[in-house]
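First the structure, in the form of structure tokens, and then the observations on it.
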Amino acid sequence: MKKKLDKILKDIELPGRYLGNEINVVRKEVENKTRFGFCFPDVYEVGMSFLGLHILYGIMNTMENVYCERIFAPGVDMEDRLRKENISIFTLEEKTPIKELDFLGFTLQYELSYTNVLNIMDLGNIPLKAKDRTLDDPIIIFGGPCTVNPEPMAEFADIIIIGEGEEVLVNILNEYEIFKKQNSNNKEEFYKRIINIDGVYIPSFYQVLYKEDGTIKEINPKEDWVKPKIKRAIIKDLDKIYFPDKILVPLIDIVHDRIVLEIFRGCLRGCRFCQAGMIYRPVRERSIERLKDLADRLIKNTGYDEISLSSLSTSDYSEIENLIKYLIEVNLNKKVGISLPSMRLDNFSKDLIEEITKVRKTGLTFAPEAGTQRLRDIINKNIKEEDLLNSSKEAFENGWNSLKLYFMIGLPEETKEDIMGIKELAFKVIDTYHSIPKENRQPGLKVKVSTSTFVPKAFTPFQWETQISLKEIEEKQEILKAELKNKKIIYNYHDSKTSILEGLIARGDRRVSNIILEVFNMGAKFDSWHEHFDFNKWLEAIKKSNLDIDFYNNRKKAYDEVLPWDHIDVGVSKEFLIKESKKSKEIKTTDDCSKICSNCGITKSYSDFKGVCY
Amino acid sequence: MNYRAKYKKVGNMKYISHLDLVRLFHRVLRKSELDIEFSKGFNPHPIIAFANASGVGIESIGEYTDFELKNDIEESTVLEDINKAMPEGIELLEILRMPIKVDSLMSVVNKSEYKILIDLEELDIDISNFNNCINKFLEQEEILIKKKTKNKRKRRKTPFKLVNIREMILDVLIVNINENEIELLVTLSSGSSENLKPSIFIEKLFEFIGVNINKSEFNILRNDFFTEYNGESINLMEYSKKILEVKSNG
């Protein structure tokens with residue numbers, strides 16, 4: 001196999017993707033180990049940039065009886081060779097065919113990666129549907145944020161983990177140890193052992209019944225010992241839980257090539273379009289002492305020369321100023337660059353902005369998301385125009401001459417005024433720049449306006465809304481293209497066909513799996529890559545499945561409709577989401593969690609955790 | 001203190017590019033916790049230099065690098081500390097402390113010796129005649145290759161120029177030959193003035209013989225880099241030791 005592989009590697013692009021020879025790679029003896037394959041269903045350079053991989057790879061490999069290896073989607077040229085020469089896709093570390101693993105876990109980070117998931121299973125000769133698999137096949141697990149609506153992929157999974165994976169995975173693997181010793185050949189016995197762990201969803205134990213109009217009648221457990229609702233797994237104390245102090249350092253170029261410190265989970269802003277803000281509640285921070293310690297150890301153990309911070313809203317971290325001061329120190333002493341993500345400058349001290357400027361000029365991004373205060377209030381994105389303009393002024397006076405503005409189009413209740421509002425904001429930013437005397441600002445202003453298409457997601461107050469049609473998106477993009485024609489403005493917008501499919505899958509039910517299977521059989525893969533995405537294949541697959549995109553995307557749902565994810569409990573109550581939905585229609589905002597508790601329900605579901613809400 | 005190290009790059013490490021290798025050394029030096037000397041400026045990085053842009057696809061047991069530490073540390077400690085931080089497939093073999101300034105690696109390199117293994121599984125070669133073929137190949141006065149013109153403007157008029165590589169093939173020896181494989185020991189010009197890639201040598205040789213060969217059918221291992229000293233060819237490590245001796249004796 002090694003000789004065959006060597007010959008292939010000489011003939012393909014980026015052979016570094018398939019080597020598994022990184023700094024800090026974990027190698028173990030395979031005898032008597034539970035073998036877990038962690039798969040990020042995109043190419044190496046993308047998958048290795050995912051922080052969750054480093055966390056889960058690390059925590060599983062601390063278990064003596066577990067050997068966790070990695071798998072990524074092969075490049076198209078590599079896949080051709082694998083198929084031509086009948087070679088199974090293999091793990092990076094041991095080059096083991098994936099069918100021989102005990103577990104194969106896929107992280108579902110975005111809906112358009114699903115065809116890659118099927119493709120990888122196919123390349124490993126593993127039957128795609130759970131019901132067709134035997135004990136000879138690995139147990140297929142899905143995790144990641146998309147699992148809050150797991151239904152479109154339910155048929156393909158043995159186990160789905162909903163929520164934060166650190167503890168659940170360890171528990172599942174411990175139970176598997178016990179199950180192995182029993183020498184049973186009944187997978188169901190293993191499932192019985194794990195079904196009551198929070199976060200564990202075993203789709204085959206549930207059935208979905210439909211009404212005549214196509215909506216769901218009920219989602220029921222098939223047996224009485226199966227819990228009717230699956231509670232999301234949540235880590236209570238981020239300081240105590242495992243975080244790697246040593247991570248894989250790739251040898252080839254990857255998308256994000258640096259140390260990443262996760263500073264907190266959850267978000268207290270409550271923007272109504274944002275799924276992450278709802279499904280990762282409550283806010284739980286890592287203490288600054290823990291972060292400093294982790295930073296020191298990671299720099300020592302990896303040799304990386306750049307460090308970055310990760311969270312849903314970094315400037316909301318309670319000790320952000322001290323943390324940044326510390327990182328600036330590290331930068332000066334250890335020559336480690338700091339990469340600061342986009343931050344809300346409205347709650348930053350002037351001195352801190354000056355400090356950051358000294359170290360590195362990071363990109364400045366503001367995300368007003370909507371062009372008018374009215375629409376921002378509807379979506380609960382609480383940024384005022386003065387904040388934006390004041391922060392821009394601050395930035396320009398400190399030497400920045402380029403700025404990014406992020407917006408969405410297709411938001412609920414959106415009117416033409418809101419679209420024109422985007423143009424007005426962009427021009428007001430330009431005016432702000434010009435209001436500063438020439439000697440106090442840098443020449444060459446560039447305002448980059450970027451619009452993406454709003455996709456309603458499960459477990460948000462907008463989960464009942466209709467999604468904007470392809471035609472309307474394109475019309476609005478054309479309007480903005482014309483309105484934003486200016487030397488100082490660059491307007492970026494994305495192909496919206498992928499957003500239509502994202503919507504279909506994000507709020508799809510189990511029947512949508514037929515579409516995914518069909519389009520995969522037609523050769524679809526790397527759907528999030530422009531050069532590989534084929535919309536017509538998807539349209540054909542939808543037609544063949546006798547389903548209708550409009551049913552999923554363009555139908556306004558009643559509050560009492562049974563939704564495909566109603567059997568999942570992320571902790572935020574439906575009552576809260578309905579309340580927020582109604583408030584949005586009254587153009588009323590909801591304050592952030594640090595100002596007032598809006599009773600989203602998370603405290604009722606989970607008590608005794610270290611978080612913002614006590 | 002400056003150090004010169006000889007290192008090997010084998011196995012899967014042959015697939016990483018030169019830029020990847022430079023970045024790897026930067027990280028390994030930081031990880032070794034030796035007190036590295038950093039460059040000044042906006043993006044400080046460890047001060048390190050190489051003999052040649054290492055070819056992708058070539059294994060080597062004779063690569064060289066120069067780097068600088070803030071302090072004067074014992075050679076064996078430096079070697080051990082760096083090797084501890086290295087991933088599998090790269091290892092420092094020998095290290096030389098250089099208290100006196102010497103010429104850069106790149107400026108002295110002039111040839112490389114390669115061990116080339118050709119896999120005959122899929123190739124149709126008459127092994128009894130192979131020696132003869134090589135001799136005939138080398139008897140040519142001119143072996144021409146097309147070199148793409150680097151300058152974009154000039155490239156419009158002259159897209160490529162013809163280069164005679166015969167002079168850059170310094171020695172070819174058949175070490176072993178049987179029906180499974182051919183092992184050659186080949187010395188080619190290497191360095192900033194004249195440089196011949198071993199893969200091009202193979203391409204031209206087999207083109208001459210009239211056999212189609214592709215990358216997956218041969219393995220290249222660089223044994224060492226050489227330079228001229230007092231009329232003789234010696235490897236860079238030996239050369240560096242000699243130069244230091246001469247310079248320190250005044």
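The values are calculated or read from the model by the stated rules, or taken from the named source; none is laboratory data. As the structure is a computational prediction, the values presented were derived from the model and not from experiment. As a convention, Cβ positions derive from the backbone with ideal geometry for all residues, glycine included, and neighbour counts pool all protein chains shown. What goes into the accessible areas is simple: the full protein's heavy atoms, side chains included, and nothing from ligands, DNA or RNA. Shrake-Rupley method; radii C 1.70, N 1.55, O 1.52, S 1.80 Å.
Some observations on this one:
- Among the helices of chain B, none built from whole DSSP H runs has Cα atoms reaching 27 Å or more along its own axis together with a mean Kyte-Doolittle hydropathy of at least -1.0.
- Interchain or long-range residues, amide H under 5 Å from B:THR149's placed H: B:PHE160, B:LYS161
- Here r is the Cβ-Cβ distance between A:GLU478 and A:THR215 and R0 is 22 Å; the resulting FRET efficiency, rounded to 0.05, is 0.05.
- Full extension of the chain between A:LYS384 and A:ASN440 yields a length gain of 17.7 nm, computed as 0.36 nm times the residue separation minus the alpha carbon distance.
- Scoring B:57-65, B:197-205 by mean Cβ neighbours within 10 Å over their residues and listing the highest first yields B:57-65, B:197-205.
- For A:GLN182 and B:VAL211, a Förster radius of 51 Å and the Cβ-Cβ distance give a FRET efficiency of 0.25, rounded to the nearest 0.05.
- Residue-averaged 222 nm ellipticity for chain A, from DSSP H runs of 4+ at -39500 (n - 2.57), nearest 500: -10500 deg cm²/dmol
- Counting, for every residue in A:295-304, the Cβ atoms of other protein chains within 10 Å of its Cβ and taking the mean gives 3.
- Counting Lys and Arg as +1 and Asp and Glu as -1 over every other residue whose Cβ lies under 12 Å from the Cβ of A:ILE419, the net charge comes to -4.
- FRET efficiency, 1/(1 + (r/R0)^6) with R0 35 Å, evaluated for B:LEU117 and A:ASN333 via beta carbons: 0.10
- Per-residue mean of C-beta atoms belonging to partner chains within 10 Å, peptide B:19-31: 4
- Distance between the C-alpha centres of region A:495-515 and region A:275-329: 34 Å, rounded to the whole angstrom.
- Difference of contour (0.36 nm per residue) and Cα-Cα distance, A:SER594 to A:LYS471: 40.2 nm
- Taken along the Cα-to-beta-carbon direction at a fixed 7 Å, the label points for B:THR149 and A:ASN86 span 5.2 nm.
- With Cα atoms, 0 to 90° folded angle of helix A:288-302 axis to chain A main axis: 60
- Split the accessible area of chain A by element, probe 1.4 Å, and carbon with sulfur accounts for 47%.
- Across region A:417-424, computed HN-Hα scalar couplings (Karplus, 6.51 cos²θ - 1.76 cosθ + 1.60, θ = phi - 60°) run 4, 5, 5, 5, x, 4, 4, 4 Hz from first to last residue, x flagging Gly and Pro.
- Region A:419-474 and region B:154-224 have Cα centres separated by 57 Å.
- For A:ILE568, residues with placed amide H under 5 Å, excluding near neighbours: A:ILE230
- For the segment B:35-41, counting C-beta atoms of other chains within 10 Å of every residue's C-beta and taking the mean gives 1.
- For the peptides A:449-457, A:475-483, the ranking by mean Cβ contacts within 10 Å, running from highest to lowest, is A:449-457, A:475-483.
- When chain B is treated as a Gaussian network with alpha carbon springs shorter than 10 Å, the biggest mean-square fluctuation among B:PHE38, B:PHE130, B:PHE160 belongs to B:PHE160.
- Dividing the mean sequence gap of close Cα pairs (under 8 Å, 6+ apart) by how many residues chain A holds gives a relative contact order of 14 percent.
- Only lysines eight or more places from B:LYS146 in sequence, or on another chain, were considered; those with a Cα closer than 18 Å are B:LYS154, B:LYS157, B:LYS161, B:LYS197, B:LYS204.
- Extension gain from B:GLU194 to B:ASP72, taking 0.36 nm per residue of separation minus the Cα-Cα distance: 40.4 nm
- Descending by average beta-carbon neighbour count within 10 Å, the peptides A:99-112, A:519-532 line up as A:99-112, A:519-532, the highest first.
- Inter-label distance, nm, simple model (7 Å from Cα along the C-beta direction), B:ILE61/A:LYS585: 7.8
- Among the cysteines of chain A, those whose beta-carbon sits 4.7 Å or more from every other cysteine beta-carbon are A:CYS39, A:CYS68, A:CYS146, A:CYS267, A:CYS593, A:CYS597, A:CYS600, A:CYS613.
- Working from label points 7 Å from Cα in the Cα-to-Cβ sense, the B:ASN129 to A:ILE288 distance is 8.1 nm.
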